[in-house]
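Quick notes on the structure that follows.
The values are calculated or read from the model by the stated rules, or taken from the named source; none is laboratory data. Predicted model, so just to flag it, every value in this text is computed and none were measured. When we count neighbours, we look across all protein chains shown, and the Cβ atoms used for this are built from the backbone with ideal geometry, even at glycine. Note: areas computed on protein heavy atoms with side chains; ligands, DNA, RNA excluded. Shrake-Rupley method; radii C 1.70, N 1.55, O 1.52, S 1.80 Å.
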Amino acid sequence: MIPSILPTYSRAPLSFTHGEGSWLSTEDGRRFLDFGAGIAVNALGHAHPDLVAALTEQAGKLWHVSNLYQIPQQQELADKLVEATFADTVFFTNSGTESCELAIKMARKHWSAQGQPERTQIIAFNGAFHGRSTAAIAAAGSEKMTAGFGPLMPGFTHIDWGDHDALRAALTKDTAAVLIEPVQGEGGIRPLPDQCLRGLRELCDETGALLILDEVQCGMGRTGRLFAHEWAGVAPDIMMVAKGIGGGFPLGAVLATEHAAKAMGTGTHGSTYGGNPLACAVGNKVMDIIADPAFLDTVSARAGLLRQRLEGLVASHPDIFEQVRGIGLMLGLKCRAANTDVLAAAFDQNLITVPAADNVIRLLPPLNISEDEIAQAVARLDAAAATLQKARA
Ligand SMILES: *Cc1c(COP(=O)(O)O)cnc(C)c1O
């Protein structure tokens, strides 16, 4: 008999009753150190007092009004995002998938409005993840996500990650946009080297194709800059954001330049919930905390510490771990043992991690993780690896 919850997830047999900072507690009193953060969503940990205050204050006043009216909280957050980034304009969504939908629509509309409606092709990359809508699975293209869901939305070309020559060959007069994650998350924590992103920007400039960056997972301070592309010193035309921007409240956004967005006039797109007062009250508080340069510097310092400790861990367990990869607090441990075994062994040590492709476990702690919590997490990974090693011997 089918379960009452559609069984699309393989779930661990436990549930959490509350969270505080980087910790999650279960009914039976187990306390887990959370290095998954709801897959990079709880950017400021659980029950952050400022976020709880922002949410509850707004909850007592007004939860939702339609986008048919002015929403001052939304205006405030849009202004902050425009001020802090390349973008001239913002549309709020409720998820990364919805941000992907708009990014694709915007790119196509742009060319249609330029009198080139045939310019619809979007170049995307093998190993990518952009969400689960029909457009997003077509964009990612993997058999695992698309099997049985055809006919897929047409118009996507897939090339290998970081293959500059293949990209040059794929960019034609029909290319509307290139869509890429600066750091692949689900794909196994693979950062695109800065020179590749700069090369990509140059190719887009030569051909006019729009550059769409998916910063749903790597954005909002995760890499130690507000957005990951800032490290390369180049900017996209359109950017998808979600996950960390709401700190756990469902919120996403599409940021764009005026050039890319100007064809999206009245009636061309919409969202009932997108950017409602409750979501934006939280989003404003998240933005105030994360966009502070001092906060981002601390993220980088903590990231440096975590990375250094993880390198030591790999050196002391070469049978279990192969490599540390990633940037900032978006780190992956490529495993030699099965990543699912490592994840389970860490779980037994009350440490939560997240699996990814390419036999990687992801470490995505809250951005305000403490030095002591980093030390504890690495000690737990060390104990987990020791158990696995003993079982092998
Ligand atoms: C999670 C994720 C998405 C999809 O976001 P949802 O909120 O689950 O729809 C898209 N792109 C990337 C890079 C992601 O990590």
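Of the residues in the stretch 227-242, at least one is touching a helix residue (DSSP H, G or I) at 6+ places or on another chain (Cβ under 8 Å), under 22 Å from Ser300 (Cα atoms), within 12 Å of the ligand (Cβ to nearest atom) and outside any helix (DSSP H, G or I).
Going by the structure shown, is Phe295 among the aromatic types (Phe, Trp, Tyr) and either touching a strand residue (DSSP E or B) at 6+ places or on another chain (Cβ under 8 Å) or under 20 Å from Ala385 (Cα atoms) (or both)? No, not satisfied.
When His130, His110 are screened for being touching a strand residue (DSSP E or B) at 6+ places or on another chain (Cβ under 6 Å), open to solvent by less than 10 Å² (accessible area, probe 1.4 Å) and either touching a residue at least 40 places away in the same chain (Cβ under 8 Å) or part of a loop (DSSP other than H, G, I, E, B) (or both), only His130 passes. With respect to being of a type in the set (Gly, Ala, Ser), within 15 Å of the ligand (Cβ to nearest atom), touching a residue at least 60 places away in the same chain (Cβ under 8 Å) and surrounded by 15 or more Cβ atoms within 10 Å (Cβ to Cβ), Ala87 falls outside the description.
Of everything listed in (1) surrounded by 23 or more Cβ atoms within 10 Å (Cβ to Cβ); (2) not assigned by TED's automatic domain parsing to the domain that holds Ala235, the single unmet condition for Cys100 is (2). Within the stretch 336-352, does at least one residue satisfy the condition of being in a strand (DSSP E or B) and aromatic (Phe, Trp, Tyr)? Looking for residues that are in a strand (DSSP E or B) and aromatic (Phe, Trp, Tyr), one finds none in the stretch 336-352, hence no. Could you list, in sequence order, all residues of the stretch 262-320 that are among the small types (Gly, Ala, Ser), under 19 Å from the mean Cα position of the chain (by Cα) and not in a loop (DSSP other than H, G, I, E, B)? If the condition is that a residue be among the small types (Gly, Ala, Ser), under 19 Å from the mean Cα position of the chain (by Cα) and not in a loop (DSSP other than H, G, I, E, B), then Ala279, Gly283, Ser300, Ala303 are the ones that fit. Considering only residues in the stretch 336-393 that are in contact with a strand residue (DSSP E or B) (Cβ under 6 Å, 6 or more places away or on another chain) and of a type in the set (Lys, Arg), the one that is farthest from Gly221 (Cα to Cα) turns out to be Arg336.
Within the stretch 206-223, does at least one residue satisfy the condition of being away from the ligand (no atom under 16 Å from the Cβ) and part of a helix (DSSP H, G or I)? Yes.
Filtered by the rule that a residue be touching a Pro at 6+ places or on another chain (Cβ under 7 Å) and not in a helix (DSSP H, G or I), the stretch 192-205 gives a lone residue, Leu192. Would you check if Glu258 is under 30 Å from Ala169 (Cβ atoms) and not small (Gly, Ala, Ser)? No, not satisfied. Filtering the stretch 365-393 to residues that are open to solvent by less than 40 Å² (accessible area, probe 1.4 Å) and either at pLDDT below 95 or assigned to a helix (DSSP H, G or I) (or both) leaves Glu373, Ile374, Ala375, Ala377, Val378, Leu381, Ala383, Ala384, Ala385, Leu388. When Arg362 is tested against (1) open to solvent by less than 40 Å² (accessible area, probe 1.4 Å); (2) part of a helix (DSSP H, G or I), only condition (2) is not met. Glu186 fulfils the conditions (1) more than 16 Å from the ligand (Cβ to nearest atom); (2) within 26 Å of Met330 (Cβ to Cβ); (3) of a type in the set (D, E, K, R); (4) part of a loop (DSSP other than H, G, I, E, B) except for a single criterion, (1).
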